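Please read the structure below before turning to the comments.
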Amino acid sequence: MKISARNTFEGKISALNVGPVSAEVEIITQGGDKLIATITQGSAQSLGLAVGKEVIALIKASNVMVMTDGSGVKLSARNCLSGKVKKLVPGPVSAEVIIALPGGAEIFASVTREATDELGLKEGSVATAVIKASSVIIGIKA
């Protein structure tokens, strides 16, 4: 599979809560990170999702927000993955931030150059990738 989404995580469904309209899917990635996705109930059914099923979680880099100091902050975003900035690739308008997670996975974020300056991002600094559950796309191997 070739896809433009920079973030692809293989894992297994560890919890599934299906309602009449939407489903909440909890995935434990191969690196041990937890991701929450919200998808339609119809999509969950057509993919045959069940606890223990292997899935792929896809997240576009532009859907990843970066936070450097979350003390005292409560967010509605269900996914907050903390790690260290492995690489920062600045551009004239935006920058690519690669955050290395403790389990060995990397997450890519595309943020404005101004945001990298305001957050004080640099290689080795602690950062958290913040992703809304609705931004996580689930796929299965056919």
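What you get for the range 61-131, charging only the Cβ of Lys and Arg (+1) and of Asp and Glu (-1), is a dipole of about 200 debye around the Cα centre. Shown for the chain: lysine pairs separated by 8 or more places, or found on different chains, whose C-alpha atoms are under 16 Å apart, numbering 13. The three principal axes of the Cα atoms in the range 1-81 give end-to-end lengths of 39, 31, 22 Å, sorted in falling order.
Placing +1 on the Cβ of every Lys and Arg and -1 on the Cβ of every Asp and Glu, with nothing else charged, gives the chain a dipole about its Cα centre of roughly 240 debye.
Compared with the alpha-carbon gap, the fully stretched path from LYS87 to SER62 is longer by 7.4 nm at 0.36 nm per residue. Computed over the Cα atoms of the chain, the ratio of the radius of gyration to the Kirkwood radius (Rg/Rh) comes to 0.99.
Can you give the calculated 222 nm mean residue ellipticity of the chain, where each DSSP H run of n ≥ 4 adds -39,500 (n - 2.57) and the sum is split over every residue, rounded to the nearest 500 deg cm²/dmol? Please list the in-between numbers first.
Numbers: 2 runs with 13 residues, N = 142.
Per the formula, -2000 deg cm²/dmol.
Mean silhouette area of the range 78-142, derived from the convex hull of its C-alpha atoms and averaged over all directions, reads 5.5 nm².
Values in this text are rule-based calculations from the coordinates and carry no lab data. What you are looking at is a predicted structure, and each value in this text was computed from that prediction instead of being measured. Methodologically, a virtual Cβ is constructed for each residue, glycine included, from the backbone with ideal geometry; neighbour enumeration extends over all protein chains shown.
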